[in-house]
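One structure is given here, and the rest of the page talks about it.
The values are calculated or read from the model by the stated rules, or taken from the named source; none is laboratory data. Bear in mind that the values here come from a model prediction, so they are computed numbers and not experimental data. Positions of Cβ are generated from backbone atoms using ideal geometry, with glycine treated the same way; all protein chains shown enter the neighbour counts. Ligands, DNA and RNA are excluded from the accessible area calculation, which covers all protein heavy atoms including side chains. Shrake-Rupley method; radii C 1.70, N 1.55, O 1.52, S 1.80 Å.
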Amino acid sequence: MASITVVKPGWLRRVTLWIVLRAVNLLARARATHGELSGIPSIHFAHWSMIDNGRRLLFLSNFDGSWENYLDDFIDKAHEGLTAVWSNTVDFPRTRFLYKDGATDGPRFKAVARDSQTVTNAWYSAYRDLTVPGIDNNSSIREDIFKPLSDQATATWLQRL
């Protein structure tokens with residue numbers, strides 16, 4: 001998904017957005033280290049960047065599954081972070097205290113997300129036919145292949161094949 005939104009006018013919005021993006025980046029580096037982003041394993045990658053001297057916000061993401069389920073996962077598990085970022089942009093659903101409500105208005109959030117999407121000229125997937133759980137399963141199989149395993153662990157390993 002590639003999305004471009006317009007940042008609300010004023011230096012305070014730009015500074016607030018810059019601070020929120022820095023906080024989200026630090027939090028992601030500390031907590032999203034095991035193949036999940038905010039407890040959402042279907043998201044491979046997500047990145048926001050301020051562009052055009054802070055007048056617009058670019059969001060890039062790569063995910064498994066359908067677009068609808070992807071946004072539902074964000075709404076259910078990461079709505080406060082989404083709201084903190086996008087509440088500084090035009091047309092985002094009404095928020096309280098910078099990070100409350102906003103993205104929890106699912107239909108309106110999805111409409112804004114759909115309207116802000118832009119053409120993606122390039123897309124890459126190292127494993128076109130695998131989901132994140134499939135990649136994780138294959139990694140576990142590979143990691144355990146040369147380990148000494150108990151009978152029960154061997155049976156579990158064989159079931160993962």
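Just a few scattered comments:
- In range of the label at Gln159: residues from the range 112-153 whose backbone nitrogen is under 12 Å from the point 7 Å along Cα→Cβ: 152-153
- The label point for Leu58 and the one for Thr104, both projected 7 Å from the Cα toward the Cβ, are 3.3 nm apart.
- With Cα atoms, 0 to 90° folded angle of helix 106-116 axis to the chain main axis: 80
- Of (i) 26, 18, 13; (ii) 36, 16, 15; (iii) 35, 19, 17, the label for semi-axes √(5λ) of the Cα gyration tensor in Å derived from the coordinates: (ii)
- Of all the options Leu21, Leu60, Leu130, the one that moves most in a Gaussian network model of the chain with Cα springs shorter than 10 angstrom is Leu130.
- Segment Arg128..Trp67, full-extension length gain: 20.3 nm, with 0.36 nm per residue of separation and the alpha-carbon distance subtracted.
- Nearest 10 degrees, 0 to 90: helix 11-31 Cα axis against the chain principal axis: 10
- Sulfur and carbon atoms: percent of accessible area, the chain [1.4 Å]: 55
- Contour excess over end-to-end distance, with Cα ends at Arg29 and Ile141 and 0.36 nm allotted per residue: 37.7 nm
- Candidates Ser3, Gly54, Ala111 compared by Cα position along the dipole of the chain: farthest toward the positive end lies Gly54, with charges placed on Cβ.
- In this structure, Ala2 and Gln152 have a Cβ-Cβ separation that, at R0 = 41 Å, corresponds to a calculated FRET efficiency of about 0.35.
- Probe 1.4 Å - accessible area at Val6, Å² to nearest ten: 80
- Averaging the Cα positions of each part gives two centres, and for the range 85-109 and the range 38-59 these lie 15 Å apart.
- Non-local Lys pairs in the range 2-161, i.e. 8 or more apart or on different chains, that have alpha carbons under 28 Å apart: 6
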